[in-house]
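Bear in mind these aren't lab numbers, they're just calculated from the coordinates by the rules spelled out. All of these numbers come straight from a predicted model, not from anything done at the bench. Neighbour counts run over all protein chains shown; Cβ positions are idealised from the backbone, glycine included.
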Amino acid sequence: MLNMLRSSGVLSEQELMELPGVPPMELVEKGPVAVIECAEMIPCNPCEACCPTGAIKIGDDINNLPIIDAVKCTGCGLCIAACPGLAIFVVNGTHTKSEALISIPYEFLPLPNVGDQVEALDRQGKKVCMAKIVQIRNSKKFDKTAIVSFTIPKERCMEVRHIRLS
Amino acid sequence: METELAIVGSGPAGLAAAIEAAKTGVKVTIIDENPRPGGQLFKQIHKFFGSEKHKAGIRGIDIGHELLEQCEKLNVQIFLSTEAWAIFDNGKALGLKHGNNTTEKLNTRKLLLASGAIENPLAFPGWTLPGVLGAGATQTLMNLHRVLPGQRVLMVGTGNVGLIVSYQLLQAGADVVAAIDILPQIGGWGVHASKIRRLGIPILTSHTIKEAFGNNEVKGAVIARVGQDNKVIPESERKLEIDTICIAVGLSPMAELAQSAGCQITHIAELGGWTPMHNERMETTINGIYVAGDVCGVEEASTAMEEGKISGIAAAESLGYLQRGKANGLMKESQESLNALRAGPFATQSKLGKEKLIERFHKC
Amino acid sequence: MGLRIKNHPILGRDLRKDMVSIEVDGKVIPAYEGEPIAAALTASRIKVLRKTKKQGEPRGIFCARGICTDCVMTVNGTPNIRTCITPVEKNMKIETQEGLGKWREEPK
């Protein structure tokens, strides 16, 4: 059960794509959609509770893995800040012809600035390309989890999950 | 001094119990040796899991504030910087020592011990060097006192505490050079591990710490791979240049006060060690003495709050402030909540531990 | 980089302004009134708080909550003070404790 996650802390690509919270690639490419990288049964449901369109389903047993309805999802990003595990990202595989737009939770200082060029990291913390900061949302209701959005080359959209300021 | 329900410990269990009891009209007095209430809650700057009624999505510090506000509204009496140093008369009186070194006897009708747990140490050559400290201790320094214990940290232990504190160390501006675990898999939740991996913190499973070295304080450590027998694999040693080693190898219930009061304790590994026995109403082997939270099994703040609620309701009913039917209904709600929190695969051990504990209570 | 956390993504800015002076083994260091003595020492990178009785080994903060007593120092002449939970007062005189320490006056 989830060998790579248990031994390394990183989901393997196979583990990832099998998750009910991860939409199939063709829908990510129609973007923007929430990608919920929640792979283990822990009692938790703020994502379901905060979704304004009912696109996330957990149900009565709060240990259930969240299921994403990519059609209902508008990519608003409220779930990014609501997830206590910081495991939700919004991916828009179709931001421009060559770029994807990724939104991640970010709880560090300093915050980047719009327009900054930063390093884009994969799930192992390795730099895979550069990213350009497009938006920073820091609403009070996010309770100090800022949502940082940035563009990267399209083909990296299921790899990049963090940034490092240069 | 007189009260109806004395509670030792103002962490999530104690506060939740106080609220339930005070709601029904019980006179509640909380005693805490710390200058600030809230137990471990005020160090938890991350958002909590669970469901809405478990305060999911709210940071531990804010949950602490909410609980305290409710206590204030309900006129719960809280004595801070006050130690409960002894329990007399099967829980009917406590010896208190206040912060100004005066002492006092507090008479009560019911007693709840919600004194929590302490961090486990880990002995290895060099473990006494300044610079080696608990992961929880590190949280205290960073999140309560706004001081980093050092700048380059080795985290020993990858349970939820080790993983979360590693993340918090980075938020506070330190570097975590690695998080190690002697087991071949990570102890804590995948989401916690994932978030520190993508920050670039290596997680090394099947690793142990061989020694910490430095003249008067930690200057470095030697870690090594272990085989299936937990023995060091020769030639696998690596030196790390660090100034801080955080120990995150579990917690143990602080059962001493309960034990000295005469409550029967038992050893249950799944709950963290020696813990006072209790029944479904959180009552110990001494009538009128209740326990709740980590002191009777190391789990989570959410389970601590539910157990606290049950004990508060049980005490209120015992004192005549709640009808049996109403009390049973409320306790059933909390019990169902506890069952949900203990239903997942990560809670199998605590679930089993609690079942053993209650079983042993009924057998003794 | 200093060890004091001036700004923090969750805790916000440190709003404390005025610092006081305390003396540690004769050396004057700044501290915030009311913070634990051990926190002030850590911020000034003083990690050795006492020496053990038999072997004279250095000890420092371990539990940070007043349980383990590894942090005890002599404060204003009184030994065995748990510095991780005792608040700073201005002009406090703090000394690295050797072993069990010595009292100001010998008990009668």
Acute angle (nearest 10 degrees) that the helix B:160-171 long axis makes with the longest principal axis of chain B, alpha-carbon atoms: 70 degrees
Which of the lysines could be linked to B:LYS363 by a straight reach, that is with a Cα gap under 26 Å, when you skip same-chain ones fewer than 8 residues away? B:LYS92, B:LYS110, B:LYS309, B:LYS332, B:LYS351, B:LYS354
Counting only backbone N atoms under 12 Å from a point 7 Å out along Cα-to-Cβ of B:GLU237, the residues of the range B:188-215 in range are B:210-213
Could you give each residue of the range C:12-21 its phi-based ³J(HN,Hα) in whole Hz, using Karplus coefficients 6.51, -1.76, 1.60 with θ = phi - 60°, and x for Gly or Pro? x, 7, 6, 8, 5, 10, 8, 9, 10, 9
In whole angstrom, note down how far apart the Cα centers of the range C:70-88 and the range A:20-60 are. 52 Å
Surrounding net charge for A:ASN138, when Lys and Arg each add one and Asp and Glu each subtract one, Cβ distance under 12 Å: +2
Provide the net charge surrounding A:CYS38, with neighbours chosen by a C-beta distance below 13 Å and charges set as Lys +1, Arg +1, Asp -1, Glu -1. -3
Mean other chain Cβ within 10 Å across C:63-76 is 4
May I ask for the distance between the Cα centers of the range C:1-23 and the range A:145-160, given as a whole number of Å? 34 Å
Which value does Rg/Rh take for the range C:14-108 over its C-alpha atoms, Rh per Kirkwood? 0.97
With the convex hull built on the alpha-carbon atoms of the range B:1-142, volume per residue in Å³ sits at 144 Å³
Please give every one of the aspartates and glutamates within straight-line cross-link reach of A:LYS126, meaning a C-alpha to C-alpha distance under 14 Å, and leave out same-chain neighbours fewer than 8 residues apart. A:GLU159
Whole-Hz Karplus couplings 3J(HN,Hα) for the range B:194-203, θ = phi - 60° and coefficients 6.51, -1.76, 1.60, Gly and Pro as x, run 4, 5, 8, 5, 6, 7, x, 7, x, 10
Using all C-alpha to C-alpha distances in chain A, build P(r) with 5 Å bins and read off the rounded percent in each one. 2, 9, 18, 23, 22, 16, 8, 2, 0
Starting at the first residue of the range B:285-291, write each ³J(HN,Hα) from the Karplus equation 6.51 cos²θ - 1.76 cosθ + 1.60 with θ = phi - 60°, in whole Hz, x for Gly and Pro. 6, 10, 4, x, 10, 10, 9
Pairs B:LYS97/C:LYS93; A:LYS140/C:LYS90; A:LYS57/A:LYS144: which exceed 31 Å Cα-Cα? A:LYS140/C:LYS90
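From the C-alpha coordinates alone, can you work out the Kirkwood hydrodynamic radius of chain B, in Å? Working shown, then result.
Values: mean 1/r = 0.0470 Å⁻¹.
Hydrodynamic radius (Kirkwood, Cα pairs) of chain B is 21.3 Å.
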Could you sort out which of A:LYS132/B:LYS195; A:LYS127/B:LYS231; B:LYS23/B:LYS55 sit more than 27 Å apart by Cα distance in this structure? A:LYS127/B:LYS231
Rounded, prolate or oblate: which fits the range B:121-229, taking a ≥ b ≥ c as square roots of the Cα gyration tensor eigenvalues, rounded meaning a/c under 1.5, else prolate when a/b beats b/c? oblate
Tilt relative to chain B, helix B:301-318 - C-alpha long axis, 0 to 90 degrees, to 10: 20 degrees
How long are the three semi-axes of the equivalent ellipsoid for the range B:147-194, computed from the Cα gyration tensor as the root of 5 times each eigenvalue, in whole Å, largest first? 19, 11, 7
Scoring only Lys, Arg, Asp and Glu (+1, +1, -1, -1) among other residues with Cβ under 13 Å from the Cβ of B:LEU15 yields -2
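Normalised radius of gyration for the protein assembly as shown, please: alpha carbon Rg relative to 2.2 N^0.38 Å, two decimal places.
That ratio works out to 0.99.
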